[in-house]
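Data block below; observations after.
The values are calculated or read from the model by the stated rules, or taken from the named source; none is laboratory data. All figures in this text were calculated on a predicted structure; none of them were measured in a lab. Here the Cβ positions follow ideal geometry from the backbone for every residue, glycine too, while neighbour counts run over all protein chains shown. Calculation scope for accessible area: heavy atoms of the full protein, side chains included, ligands and nucleic acids excluded. Shrake-Rupley method; radii C 1.70, N 1.55, O 1.52, S 1.80 Å.
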Amino acid sequence: MTTAENGPASGLRVVVLGGTGYLGRRIGEAFHADGALVHLVSRSPAGDGPADACHVRMDLLTAGARELAGLFGSLRPDAVVNAAGRVWRGDEAEMTAGNAELVVRLTRVLAELPHPPRLIQLGTIHEYGAGTPGAGTREEQEPAPVTPYGRTKLLGTRTVLKAAADDGMDAVVLRLANVIGAGVPAGSFFGRVAAHLGEAARVQALGEKPGELSLPPLRAHRDLVDVHDAVDAVRAAATAPKADAGGQVINVGRGEAVPMHALIDRMVDLSGVDLPVVEAVPDPSPRTDVAWQQLDVSRALRLLGWRPRRTLDDSLRDLLAAAVPAPVNGRT
């Protein structure tokens, strides 16, 4: 990790659950750079993680209350970031175990500690379900998720909010838009597209013609947030006054809905790869996803002093740089 500096979290004891995953690893690095004492908790260490990371090996899906109590009792954290859970792989039962049941055990254990830490629960835009075209979804909207991921993450959010309301737990839920940037897992839509463009770039460099990029219908509009901006929101939530952030759901996104067909075209353009993009014929049956996702992020500015800083091109260039061997095209 980088040399610690005197940032806003300097001196804090921070535990990151799921700390070697895509988001958790970056959250831990940022807190460490701020001067916090960071422990990353996960089933296994990250293969590409920093050698000096304080890692605690624990299978959070099977860890019982006694095991969790022992962990937090020994580490005595000031803040716990729950970046654990199941996203792209796994059925609804597995997602329930990682996104909902773990949160029940976690809140019960934290509430019983002599000095309960602040809990920062990472939620998702998919808890809301369908947005209203042309408008940003506010935190007051009644959630209506349509996917197993959204449903199970909403259960976790409700558990945290109940613990804050009933037990006075110092907790905040950050509802993240679709996170994008360098290192996005291959199981995600953007990870798959980046991997295809990377392979196509290698084929093109050999003088051969890349295969087409075959995608589902790109009819949706999505709110996206850069991974660095998402991490900055977590840092802000860790140090915000309890009177401001405690018991709150706070949206974290760019606050705009991007058409997916235009985004994919831009990825291809930035990659410098010449290949056709072919969309599947839309299924005439009713949609099982949502057509519009856009967050209203005004509460994040008001309560956390946070706003998105990085452009969409910044995020796409970072994503492609990790997948495409040739220099990313700078065309606008």
Item to check | Residues of the stretch 273-332 classified as among the small types (G, A, S), open to solvent by less than 40 Å² (accessible area, probe 1.4 Å), assigned to a loop (DSSP other than H, G, I, E, B) and modelled with pLDDT of 95 or more, total | outcome: 0
Checklist outcome for this item: Within the stretch 91-140, residues within 17 Å of the chain's Cα centre (by Cα) and over 21 Å from R222 (Cβ atoms) come out as G98, A100, V103, L119, I120, Q121
Item to check | Residues located in the stretch 246-272, provided they are of a type in the set (G, A, S) and crowded, with 19+ Cβ neighbours inside 10 Å | outcome: G253, G255, A257, S271
Checklist outcome for this item: Within the stretch 63-83, residues being open to solvent by 20 Å² or more (accessible area, probe 1.4 Å) and under 15 Å from V103 (Cβ atoms) number 3
Checklist outcome for this item: When every residue in the stretch 145-163 that is among the aliphatic types (A, V, I, L, M) and within 26 Å of G246 (Cβ to Cβ) is compared, the one surrounded by the fewest Cβ atoms within 10 Å (Cβ to Cβ) is L155
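With among the hydroxyl-bearing types (S, T, Y) and at pLDDT 95 or above as the only criterion, which of S44, S74 stands out?
Numbers: S44 fails: at pLDDT 95 or above.
Only one candidate qualifies: S74.
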Item to check | Residue within the stretch 231-245 that is in contact with a Gly (Cβ under 7 Å, 6 or more places away or on another chain), surrounded by 19 or more Cβ atoms within 10 Å (Cβ to Cβ) and either within 30 Å of V160 (Cβ to Cβ) or among the aromatic types (F, W, Y) (or both) present | outcome: yes
Checklist entry - Going by the structure shown, is R266 at pLDDT 95 or above and assigned to a loop (DSSP other than H, G, I, E, B)? => result no
Item to check | Subset of the stretch 192-214 [free of Cβ contacts under 8 Å to residues at least 60 places away in the same chain and within 26 Å of L224 (Cβ to Cβ)] | outcome: R192, H196, E199
Item to check | Residue satisfying all of: in the stretch 178-230; more than 24 Å from I250 (Cβ to Cβ) and charged (D, E, K, R); most open to solvent (accessible area, probe 1.4 Å) among these | outcome: K209
Next on the checklist: I'd like the full set of residues that are farther than 12 Å from G150 by Cβ, in contact (Cβ under 8 Å) with a residue 60 or more places away in the chain and either surrounded by 13 or more Cβ atoms within 10 Å (Cβ to Cβ) or touching a Gly at 6+ places or on another chain (Cβ under 8 Å) (or both), limited to the stretch 110-139.
Outcome noted: P117, R118, I120, L122, G131, G136, T137, R138, E139
Item to check | All positions within the stretch 182-229 that are at pLDDT below 95, of a type in the set (G, A, S) and under 24 Å from A130 (Cβ atoms) | outcome: G187, S188
Checklist outcome for this item: The correct count of residues that are more than 25 Å from R317 (Cα to Cα) and part of a helix (DSSP H, G or I) in the stretch 238-263 is 6
Checklist entry - So which strands (runs of 3 or more DSSP E) stay within the stretch 169-237 end to end and still have 1 or more residues that are more than 30 Å from H115 (Cβ to Cβ)? => result 178-180, 213-215, 224-226
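To keep it simple, each residue is scored yes or no on (1) open to solvent by 20 Å² or more (accessible area, probe 1.4 Å); (2) at pLDDT below 95; (3) of a type in the set (D, E, K, R).
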{"site": "A4", "(1), (2), (3)": "yes, yes, no"}
{"site": "S10", "(1), (2), (3)": "yes, yes, no"}
{"site": "V14", "(1), (2), (3)": "no, no, no"}
{"site": "G18", "(1), (2), (3)": "no, no, no"}
{"site": "A51", "(1), (2), (3)": "yes, yes, no"}
{"site": "H55", "(1), (2), (3)": "yes, yes, no"}
{"site": "L61", "(1), (2), (3)": "yes, yes, no"}
{"site": "D91", "(1), (2), (3)": "yes, yes, yes"}
